[in-house]
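Structure record follows, encoded as structure tokens.
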């Protein structure tokens with residue numbers, strides 16, 4: 001499971017010119033799910049993101065997590081995070097999970113993130129063509145891969 005986490009002042013998802021979801025201060029999470037992902041990946045990644053101390057404290061030091069700043073999160077499915085670009089110029093998505101596998105894992109991740117963080121968690125719509133807008137805060141952008149826990 002791969003995630004790109006962006007600290008945002010605001011983020012929203014629009015589908016077919018209609019606002020689907022939005023948050024203010026918090027985290028935008030682009031989530032890529034691969035075939036090999038399982039419950040262990042969900043639990044580890046959710047806990048890691050929920051406790052990620054990337055918000056400034058009163059001394060302007062990144063020392064607070066999303067709950068401590070009363071933020072929100074929005075999770076958007078992003079199969080392209082598993083792009084393979086070694087050969088040629090057209091990315092391969094062979095490792096990205098098919099919808100039958102990915103959708104239940106995505107939904108379970110969102111629920112786990114809600115439990116672990118105790119903050120509002122909104123979503124995009126899995127498989128939809130989405131317009132994702134955001135205003136980065138910082139910018140602060142973090143990449144995490146549950147298979148490469150560095």
Of everything in the range 1-28 that's in a strand (DSSP E or B) and touching a helix residue (DSSP H, G or I) at 6+ places or on another chain (Cβ under 9 Å), which residue is nearest to residue 95 (Cα to Cα)? 2
Going through the range 116-149 in order, the residues found to be in a loop (DSSP other than H, G, I, E, B), without any contact (Cβ under 8 Å) to a residue 60 or more places away in the chain and surrounded by fewer than 14 Cβ atoms within 10 Å (Cβ to Cβ) are 118, 127
Identify, from the list 66, 75, the residue that is surrounded by 14 or more Cβ atoms within 10 Å (Cβ to Cβ), touching a helix residue (DSSP H, G or I) at 6+ places or on another chain (Cβ under 8 Å) and assigned to a loop (DSSP other than H, G, I, E, B). 66
Failed criterion for residue 51 (all others in (1) over 15 Å from the mean Cα position of the chain (by Cα); (2) exposed (fewer than 15 other Cβ atoms within 10 Å of the Cβ); (3) under 14 Å from residue 142 (Cβ atoms) hold): (1)
Do we have residue 5 as in contact (Cβ under 8 Å) with a residue 12 or more places away in the chain and under 17 Å from residue 134 (Cβ atoms) here? yes
Report, by residue number, each residue of the range 89-104 that is modelled with pLDDT of 95 or more and surrounded by 19 or more Cβ atoms within 10 Å (Cβ to Cβ). 102
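Would it be correct to say that residue 61 is under 19 Å from residue 139 (Cβ atoms), loosely packed, with under 15 Cβ neighbours inside 10 Å, out of contact with any helix residue (DSSP H, G or I) (no Cβ under 6 Å at 6 or more places or on another chain) and at pLDDT 95 or above?
Working: under 19 Å from residue 139 (Cβ atoms): yes; loosely packed, with under 15 Cβ neighbours inside 10 Å: yes; out of contact with any helix residue (DSSP H, G or I) (no Cβ under 6 Å at 6 or more places or on another chain): yes; at pLDDT 95 or above: yes.
Taking the combined requirement at face value, the residue satisfies it.
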Which condition does residue 31 not pass, out of (1) closer than 24 Å to residue 127 by Cβ; (2) modelled with pLDDT of 95 or more; (3) assigned to a helix (DSSP H, G or I); (4) touching a strand residue (DSSP E or B) at 6+ places or on another chain (Cβ under 7 Å), if it passes all the others? (3)
Is it fair to say residue 43 is modelled with pLDDT of 95 or more, closer than 16 Å to residue 4 by Cβ, over 13 Å from the mean Cα position of the chain (by Cα) and not in a loop (DSSP other than H, G, I, E, B)? no
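The values are calculated or read from the model by the stated rules, or taken from the named source; none is laboratory data. As the structure is a computational prediction, the values presented were derived from the model and not from experiment. Virtual Cβ from ideal backbone geometry, glycine too; neighbours counted across all protein chains shown.
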